[in-house]
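Below is one structure, written out as structure tokens; the observations come after it.
The values are calculated or read from the model by the stated rules, or taken from the named source; none is laboratory data. Quick caveat: nothing in here was measured; it's all calculated off a predicted structure. Cβ atoms come from the backbone with ideal geometry, glycine included; neighbour counts cover every protein chain shown.
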Number of protein chains: 2
Amino acid sequence: MKIGVIGAGAVGGYYGALLVKCGFDVHFLLRSDFEHVRDNGLLIESKNGDFILESVNVYSHFEDMPECDIIIVALKTTQNKLLSSILPKTMKKNAIVIALQNGLNIEKDLSEIVPSAAIIGGLCFLCSNKAGPGHIRHLDYGSIRLGQYHENYQAAGITRELQRISDVFTRASIPIHLAENLGKARWEKLVWNMGFNGPTVILNATTDLIMKNKSSRAMITEIMLEVTHGARVCGHDLDDQFVEIMLNATSQMIDYLPSMKLDHDAGRPMEVDSIYWRPIQEAANNGFDMQKSKIIACQLDFLNRFSE
Amino acid sequence: MKIGVIGAGAVGGYYGALLVKCGFDVHFLLRSDFEHVRDNGLLIESKNGDFILESVNVYSHFEDMPECDIIIVALKTTQNKLLSSILPKTMKKNAIVIALQNGLNIEKDLSEIVPSAAIIGGLCFLCSNKAGPGHIRHLDYGSIRLGQYHENYQAAGITRELQRISDVFTRASIPIHLAENLGKARWEKLVWNMGFNGPTVILNATTDLIMKNKSSRAMITEIMLEVTHGARVCGHDLDDQFVEIMLNATSQMIDYLPSMKLDHDAGRPMEVDSIYWRPIQEAANNGFDMQKSKIIACQLDFLNRFSE
């Protein structure tokens, strides 16, 4: 069984390395870090123990990759336009595609590119970042919530493919939770992501500082409540108490910079479209105007364009 | 006739100097710049011609000031708590108090401090800043829109006091427009102020850059439309076309940093309460939730607290 990993940054590099470490046959598609990783392998600094993989299968062109049984998509969504070329050429006919990405309608897009594939969405609860080429720093957490995609995000339940992928990841010591309803799981993740990702960039602050200040905490709460309302108009049974749960969980977390903040600080484009505009649009299609989120999204679009 | 000027920054320093220059008997209450201005006078750099007033009447304690016939309040609203001590001691019994300040309910507060006084609100259309102690740099514009306060902002029309103050300012070559309805005039000013003041701080950008970027322009437009709606629920006949007029006017303006941006850059507290929270509260009292403005106000409160 071959596993392909598209993108080996903070997410793909970390999980891919864990899969290699426990003996799976993993093939990484890289761009900027290709030569470095080919020559030096992958270095994972982790709170669970550091390790080096001296030799890993890496490719700079997808045409050179073997066809895989499982493809893990771990690009930033801002690069997803590449997938329509990459995916059909790198997967076996009945492959399973796993999207470890943020935002909404990710799997729907994938299903249009590879309609025959089983598609699974994975929501990572992971604090990691890329410290340098081929060098991943895993700070904390690491579980993934997996859910199977079914047409238009109808709840798919716990499928055989989901079980299979869960087994693979679990063998690599990756904590897995299964979601019966991927659409709902994505909205649940959005409650946190829309609440914190944008504001940490706009206010140039950690989650900790945002939680400690009365005004920013009030703002985050308002945004999160708007997202739960958005989820409900889109048919997902998410109640306002979930916001309190998320806020309490965040208070317990280590001081944290979300992926969008790390992207912006590193000069990478932010995932404003998948994390903000898609849910805003989805809610609008169902008659709800996410006014607060729109303000945040417009600010992020501006900062995406004009950053210092 | 004695004119008192409370605060001699970009607004009070500029207009007060014009009044001195044309021969009025003006008395300035200063704090940090007192000694400098006492020893060196006021320097006005202006696009209408630079001038120096070598000797001006300045005071560092309001108890030392003569009682005035006209008092111009030109403090930042963040310092308004000082007025309940200052005003009763510096004005003659039938004095006119003019508030050259931003935001809402300014005159209402003043009327509680000095119930017997005639109170006039002045909305300045002025680009100026303080370049140093006693040194005002006037960049452009300079007109004032004056309106008389009447209980609970009922339209007061063009009163005798308004005419009198208009004559005084006009003699000093200050362009004056009169407003029959001060409450409406304040909301009209808020359309621009709430649209631009916060966003220039949050996005660290000039009005010009904000107007040129599609996302930020869309955001400003949304906020301004929310403010016109707020004005309407508060009883002021302000239609959405006014937003287009404001945006077009801004496109014609010189590249500009609003007062809030200048305050924040100089490490001074921003007038979030008077420019944002008061109108938000007023609209809420009338059943309208200004969701977009609240996001901006929360962000500003955060930045007021944690600035670099």
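Annotation: of all residues in segment B:264-285 being closer than 19 Å to B:LYS189 by Cβ and either surrounded by fewer than 16 Cβ atoms within 10 Å (Cβ to Cβ) or among the acidic types (Asp, Glu) (or both), the one that is nearest to the other protein chains (Cβ to nearest Cβ) is B:ASP273. Taking the conditions (1) buried (at least 21 other Cβ atoms within 10 Å of the Cβ); (2) in contact with an Asp or Glu (Cβ under 9 Å, 6 or more places away or on another chain); (3) under 20 Å from B:ARG278 (Cβ atoms) in turn, B:LEU100 satisfies each one other than (2). Within segment B:75-116, take every residue that is part of a loop (DSSP other than H, G, I, E, B) and polar (S, T, N, Q) and give me the one that is farthest from B:PHE28 (Cα to Cα). Only one residue tops the list, namely B:ASN105.
Within segment A:132-141, identify whether any single residue is hydroxyl-bearing (Ser, Thr, Tyr), part of a strand (DSSP E or B) and either in contact with a Pro (Cβ under 7 Å, 6 or more places away or on another chain) or outside the structural domain of A:ASP33 (by TED's automatic domain parsing) (or both), and answer yes or no. Full working, then the answer.
Step one: list which residues in segment A:132-141 are hydroxyl-bearing (Ser, Thr, Tyr), which gives A:141.
Cutting the leftovers down to part of a strand (DSSP E or B) gives us A:141.
Adding the requirement that they be either in contact with a Pro (Cβ under 7 Å, 6 or more places away or on another chain) or outside the structural domain of A:ASP33 (by TED's automatic domain parsing) (or both) leaves none.
The answer is no; no qualifying residue exists.
Against the list (1) in contact with a strand residue (DSSP E or B) (Cβ under 8 Å, 6 or more places away or on another chain); (2) assigned by TED's automatic domain parsing to the domain that holds A:ALA283; (3) among the charged types (D, E, K, R), the condition A:ARG164 fails is (2).
Scan segment A:224-241 for residues that are crowded, with 23+ Cβ neighbours inside 10 Å and either within 17 Å of B:ILE295 (Cα to Cα) or of a type in the set (Phe, Trp, Tyr) (or both) and jot them down.
A:MET224, A:GLU226, A:VAL227
Within segment B:203-218, the set of residues being out of contact with any Phe, Trp or Tyr (no Cβ under 8 Å at 6 or more places or on another chain) and either crowded, with 24+ Cβ neighbours inside 10 Å or more than 7 Å from chain A (Cβ to nearest Cβ) (or both) comprises B:ASN204, B:MET211, B:LYS212, B:LYS214, B:ARG217. Summed over segment B:231-263, residues that are in contact (Cβ under 8 Å) with a residue 12 or more places away in the chain and either within 13 Å of chain A (Cβ to nearest Cβ) or among the charged types (D, E, K, R) (or both) total 5. Selection of first residues in segment B:284-308 that are within 19 Å of B:MET219 (Cβ to Cβ) and of second residues that are of a type in the set (S, T, N, Q) and in a helix (DSSP H, G or I), restricted to Cβ pairs under 7 Å at least 6 apart or on distinct chains, gives the following pairs, ordered by first then second residue: B:GLN291/A:GLN291; B:LYS292/A:GLN291; B:CYS298/A:SER215; B:CYS298/A:SER216; B:ASP301/A:SER215; B:PHE302/A:SER215; B:PHE302/A:SER216. In the set A:GLY157, A:GLY122, only one residue is surrounded by 20 or more Cβ atoms within 10 Å (Cβ to Cβ) and either outside the structural domain of A:TRP192 (by TED's automatic domain parsing) or under 19 Å from the mean Cα position of the chain (by Cα) (or both); that residue is A:GLY122.
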